[in-house]
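Each reported figure results from applying straightforward, stated rules to the coordinates on display, with no laboratory input. It should be emphasised that the depicted structure is a prediction, and the values quoted were computed from it without experimental measurement. Here the Cβ is made from the backbone with ideal geometry for all residues, glycine too, and neighbour counts use every protein chain on show.
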Amino acid sequence: MTTFSQSGAKAGATTGATALATATTAVRADARAVVLAVLRVTMGFVFLWAFLDKLFGLGYATKSANAWVNGGSPTKGFLSRVAVGPFESTFHAIAGTWWADWLFMLGLLAIGIAVIAGIGLRIAAIAGSLMMLLMWAAEWPPARFTSTGEPSMSTNPVIDYHIVYAVALIAIALAGAGATWGLGRWWATLPVVRDHTWLR
């Protein structure tokens with residue numbers, strides 16, 4: 001009788017430990033999903049805010065007089081001030097061109113909406129990373145001095161916020177972070193997305 005009682009107690013303890021481990025794993029998975037959702041929404045807002053500020057001139061990075069709706073150029077100010085790196089003349093040449101303005105603004109808007117909504121994260125990650133890489137090249141952190149000999153004020157010759165943003169976008173896409181607080185599950189059920197997984 002004692003043997004059966006001990007066996008039952010051991011079995012109960014094992015079942016309880018398994019249930020606790022399963023519950024703990026589920027809680028951790030939920031916490032990871034929430035953390036990724038917060039990262040996704042905040043990253044998306046970085047792009048969306050930049051679009052809104054440049055479109056309307058909200059008075060932060062862009063003055064009202066320089067707003068796109070008031071005839072300002074979203075790319076001219078930044079690209080015409082590039083004073084460092086091997087692509088300096090290239091960025092000066094495209095600063096303020098109509099196609100650069102449109103590509104930049106449409107990119108900011110599309111990436112911001114897609115990342116916040118949790119849809120098309122793979123495309124958004126590629127486009128956003130490319131945009132960040134181009135901006136990194138414009139600021140060229142490896143240079144210690146500008147083309148005029150002034151200190152570049154670079155804080156890190158390799159990794160700056162552009163690279164961090166790109167890595168965050170890639171992580172969000174690879175983790176499929178659109179399901180929590182987003183439309184990722186619905187997006188994945190669309191026939192065109194089911195047939196072309198690169199659209200997820």
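Among [x] 0.99; [y] 1.04; [z] 1.47, which one is Cα Rg over 2.2 N^0.38 Å computed from these coordinates? Given [x] 0.99; [y] 1.04; [z] 1.47, the calculated one carries the label [z].
The order of Asp195, Asp101, Asp30, Asp160, going from fewest to most other C-beta atoms within 10 Å of their C-beta, is Asp195, Asp30, Asp160, Asp101. Each of the peptides 52-59, 141-148, 162-169 was scored by the mean count of other Cβ atoms within 10 Å over its residues; in descending order, highest first, they stand as 162-169, 52-59, 141-148. Other residues within the sphere of radius under 13 Å centred on the Cβ of Ile172, judged by their own Cβ, net out at +4 (K and R +1, D and E -1). A cut-off of 5 Å between modelled amide H atoms, ignoring neighbours fewer than 5 places along the same chain, links Phe145 with Ser152.
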